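Beneath this line is the structure, given in structure tokens, with notes to follow.
The values are calculated or read from the model by the stated rules, or taken from the named source; none is laboratory data. Here the structure is a predicted model, which means the values were calculated and not measured. Quick reminder, even Gly has a Cβ in these numbers, built from the backbone with ideal geometry, and neighbours come from all protein chains shown. Just the protein is used for accessible areas: all its heavy atoms, side chains included, with ligands, DNA and RNA removed. Shrake-Rupley method; radii C 1.70, N 1.55, O 1.52, S 1.80 Å.
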Amino acid sequence: MCGIVGYVGRKENALHVLIEGLKTLEYRGYDSAGVAYLDKNNINIIKEKGKIVNLENKLNLDTKSSLGIGHTRWATHGEPNEINSHPHKVGKITIVHNGIIENYEELKNILKQSGYTFKSETDTEIACALIDKLYSEKNDIIKVLDKCADLLRGSYALGILIDDDLNTLYAIRKDSPLIVALGDNENYIASDVPAILKYTNKYILLENNEVAKLTNNNVTVFKNGKIINKDINTFEWNVEAAMKNGYDHFMLKEIHEQPKVIYDTVSTFFNNGIDSLIEKMPDFKKYNKIHIVACGSAYHTGLTGKSLIERYADIPVDVEIASEYRYKKLFLDEKSLVIIISQSGETADSIAALRIANDNNIDTLAIVNVVGSSIAREAKYVLYTKAGCEIAVATTKAYSAQVAMLALIAFNIAYTKGFISNSNEFMNELNNLVNKMNHLLDNIDEYLEVAKEIYQVEHVFFLGRGIDYSLAMEGSLKLKEISYIHSEAYAAGELKHGTISLIEKDTPVIAIVTDEKIAEKTISNIKEVKARGAKVILITTEKLNKVGDYYDYKLVVPNTYILVQSLLTILPLQIIAYEVAKLRGCDIDKPRNLAKSVTVE
Ligand code: F6R
């Protein structure tokens, strides 16, 4: 969701850095793009609707420039057109913005009374005018940006240029991601790591309301007008990790990275056997209730986690969609734990849910992929998934890493409570699991056949019970978000209470049956849809594999340790979604209307 890149440096290649950086941020989702750069003592602004290449065609990339800011806009206020695109310039101030200024109408009225007029429909132009007004009064940009914290309500990451100081780039953030990266005689700002990884792996994390001042050879950070010391961090992810490495799409690459991701996520907890797992996780003994809060696929991993924790660790778990959780009445006490799951660690609704729990003094645990992200920093405990840099908008490897982490939590609690006594079986099977995942990913002919069978349909249904229902929901989301085929996931026993009326001849139904305890029940529900003409694609395990006349296609995954079975079952669902989208010619890594990191409410 909106990408920001900024550059100040002696190499004078601002335009290259901005355009290349914006391209690496394309995955965040956008519908227009623009740059402002120093061109012979003037700030030149060029912007364009649509893809970055449209903007690139309007630029002379050979122009030497030592200062600039660039932006990809995901429209919130006003349609995606050139005027609403960023950067915006008012008076002496030029800005790019990620986030939402909630009180922009109020500010607009005040600014109009001071004589300001506006060209665009955006909240950003209002913020720009406000900064210009304050700057014309105070003539001290650090004080002005400090003051923004009191005047701007909402979330914002801003990159700022000032006509009076064309050697300097300024930045400020509140609740929207922004990093300051440190190069050699050049410095940068960016919404996310990949934008600057080509040039440096050293960066500073800005906290809320800190102001950064960047020149080519210096970075200073201010808080309340005073210079503060900041730690310099090093990115673990390298450039190759952010490249496609020969795969047609990032999504396919990321699907194939899952065995390694699972190994990386899990193995750090077992470097000293089961003791290290217990040492490295919070002590769960004191909790008698868990809330898991997340959005989208992360919410689905929460549902999978609920099945595991309730069944094997005997703690009741409620799973909530973060955007609902933040406005509902909560029934929590000192024995409750709130787990927030997020790949990016910057999802606005999940951050809000976390803050509500923190404000109520409830213990919070973040399961997060991005080190140092807002959720990671604000939660009481944090467990990092090791999925690396996920570029495709539709999550796959981060999803699996979250499931693996929840399996570890369930195992930890079950083991410490004495419900599971033997840890060797689990630890041994983790190695086999990686091999089994690789084997499945190397043998996908049957998945391709299924994709060919369904890619032209309008509707697909997914069925499952218990943990398989949570996988059905994720399989359905993957399919619809990247292929634009309408699909619904149903608890297998629920279909006959209404939705079965939609089943007609050849309606594809993808049915998941991996849980031995309820397999027969689900199979009965599958027979109900088969009897009404459905084309059934059954996904089951080797153990439950039997011949029957209730399916048209059968995809069999190996069995593994019960807590991590989902990590195998999800693979055919991901591959089928990917192959269907590919057959339909969709923009797989950047589906329409979607953003990778949803930083607005
Ligand atoms: C779907 C997908 C989204 C995210 C959701 C939460 O493929 O990726 O549904 O899971 O937007 O994002 P994070 O995990 O960054 O909080």
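R0 = 35 Å: FRET efficiency of Lys329 with Asn424, Cβ-based, nearest 0.05?
The pair Lys329/Asn424 has a calculated efficiency of 0.20.
By how many degrees, 0 to 90 and rounded to 10, does the Cα axis of helix 445-454 deviate from the longest principal axis of the chain?
So the helix axis and the longest Cα principal axis differ by about 80 degrees.
So, for the chain, what is the accessible surface per residue at a probe of 1.4 Å, expressed in square angstrom?
It amounts to 39 Å² per residue over the chain.
For the stretch 177-251 and the stretch 269-286, what is the centre-to-centre distance using only Cα atoms, to the nearest Å?
Going from one Cα centre to the other spans 33 Å.
Give me the percent of accessible area attributable to carbon and sulfur for the chain, probe 1.4 angstrom.
46 percent
Please compute the contact order of the chain in relative form: average sequence separation of alpha-carbon pairs under 8 Å and at least six residues apart, divided by the residue count, as a percent.
The value is 12 percent.
Note down the relative contact order for the stretch 106-258 as a percent, whole number, built from C-alpha pairs under 8 angstrom at least six residues apart.
After rounding, I find 16 percent.
What whole-number distance in Å separates the alpha-carbon centres of the stretch 94-109 and the stretch 291-353?
31 Å
With +1 assigned to the C-beta of every Lys and Arg and -1 to the C-beta of every Asp and Glu, and no other charges, what is the dipole magnitude of the chain about the Cα centre in debye, to the nearest 20?
Using only the charged Cβ atoms, the result is roughly 440 debye.
Can you give me the relative contact order of the stretch 245-440 as a percent, contacts being Cα pairs under 8 Å and 6 or more apart?
Relative contact order comes out at 28 percent.
In Å and on Cα atoms, what radius of gyration and Dmax does the stretch 438-524 show?
Both quantities, over Cα of the stretch 438-524: 13.4, 39 Å.
Do any trypsin sites (Lys or Arg not before Pro) in the stretch 445-531 lie in a DSSP loop with no more than 15 other beta carbon atoms within 10 Å, and if so, which?
Filter output for the stretch 445-531: Lys505.
Test of understanding: what is the full-extension gain from Leu583 to Asp314, defined as 0.36 nm times their sequence separation minus their Cα-Cα distance?
In short, 92.4 nm is gained.
Which pairs in the list Lys92/Lys133; Lys253/Lys582; Lys47/Lys89; Lys143/Lys213; Lys285/Lys517; Lys253/Lys478 are over 21 Å apart, alpha-carbon to alpha-carbon?
Lys285/Lys517
Any idea what Rg and Dmax come out to for the stretch 245-440 if you just take the C-alpha atoms, in Å?
Cα-based Rg and Dmax for the stretch 245-440 come out at 16.3, 51 Å.
By how many nm would the segment from Asn435 to His459 lengthen if fully extended, with 0.36 nm per residue of separation less the alpha-carbon distance?
5.2 nm is the gain from fully extending Asn435 to His459.
How would you rank 145-157, 215-227, highest first, on the average number of other Cβ atoms within 10 Å across their residues?
145-157, 215-227
In the chain, if the dipole is taken from +1 on Lys/Arg beta carbons and -1 on Asp/Glu beta carbons about the Cα centre, which of Asn54, Val403, Thr507 is farthest to the positive end?
Comparing the listed Cα positions along the dipole, Asn54 ranks first.
Which angle between 0 and 90 degrees, to the nearest 10, do you get for helix 467-483 versus the longest principal axis of the chain when only C-alpha atoms count?
The answer is roughly 50 degrees.
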